[in-house]
Amino acid sequence: MITAAKTQQFRLKSMIVKVYSSMWCRDCRLTKQFLETHGVAYTEIDIDADPTASDEVLRHVGKRAIPQLVIDGEWFQPYAPGRGLLYDELHRRLQIPLPAR
């Protein structure tokens, strides 16, 4: 029997997720922690180690701001200055149910 939880796990593991980040970026670490906590597989692209990555971010979003997520080809900035990581938006975009409050 396939449960809703197993379906959710399969969907999260089959997504193609890239994280543009850097070691010095606190919000990048929080983003990766969120993904790992929820079992989302991702490829990390370190903008300091890959000289073309920063240009890629600039080309797609118009500024050199990290973290940036690319979820199945759609670019998304998972934080807002002054607000921090956008947990509710991450849940929505990844279709992860919000925890009970």
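Return yes when Val57 is touching a strand residue (DSSP E or B) at 6+ places or on another chain (Cβ under 8 Å) and modelled with pLDDT of 95 or more and no when it is not.
yes
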TODO: May I ask you to list the residues in segment 37-46 that are modelled with pLDDT under 95 and not hydroxyl-bearing (Ser, Thr, Tyr)?
DONE: His38, Gly39, Val40, Ala41
- [ ] Spot the failing condition for Tyr20; the list is (1) modelled with pLDDT of 95 or more; (2) touching a Ser or Thr at 6+ places or on another chain (Cβ under 7 Å); (3) not in a helix (DSSP H, G or I), and only one is missed.
- [x] (2)
Task: Breaking point among (1) at pLDDT below 90; (2) in a strand (DSSP E or B); (3) not polar (S, T, N, Q), for Lys13 - done: (2)
Task: Hey, Ala41 of a type in the set (A, V, I, L, M) and free of Cβ contacts under 8 Å to residues at least 24 places away in the same chain or not - done: no
- [ ] Write out, first by first residue and then by second, each pair whose Cβ atoms fall under 6 Å of each other, whose residues are 6+ apart or on separate chains, and whose first residue, in segment 64-86, is under 21 Å from Met23 (Cβ atoms) while the second is surrounded by fewer than 15 Cβ atoms within 10 Å (Cβ to Cβ) and of a type in the set (A, V, I, L, M, F, W, C).
- [x] Arg64/Leu58
Open item on the list: I'm checking my understanding of the structure. Among residues of segment 47-94 that are of a type in the set (A, V, I, L, M) and within 13 Å of Phe34 (Cα to Cα), which one is surrounded by the fewest Cβ atoms within 10 Å (Cβ to Cβ)?
Closed with: Leu86
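The values are calculated or read from the model by the stated rules, or taken from the named source; none is laboratory data. All values derive from a computational prediction rather than experimental measurement. Note: ideal-geometry Cβ built from the backbone for every residue, glycine included; neighbour counts use all protein chains shown.
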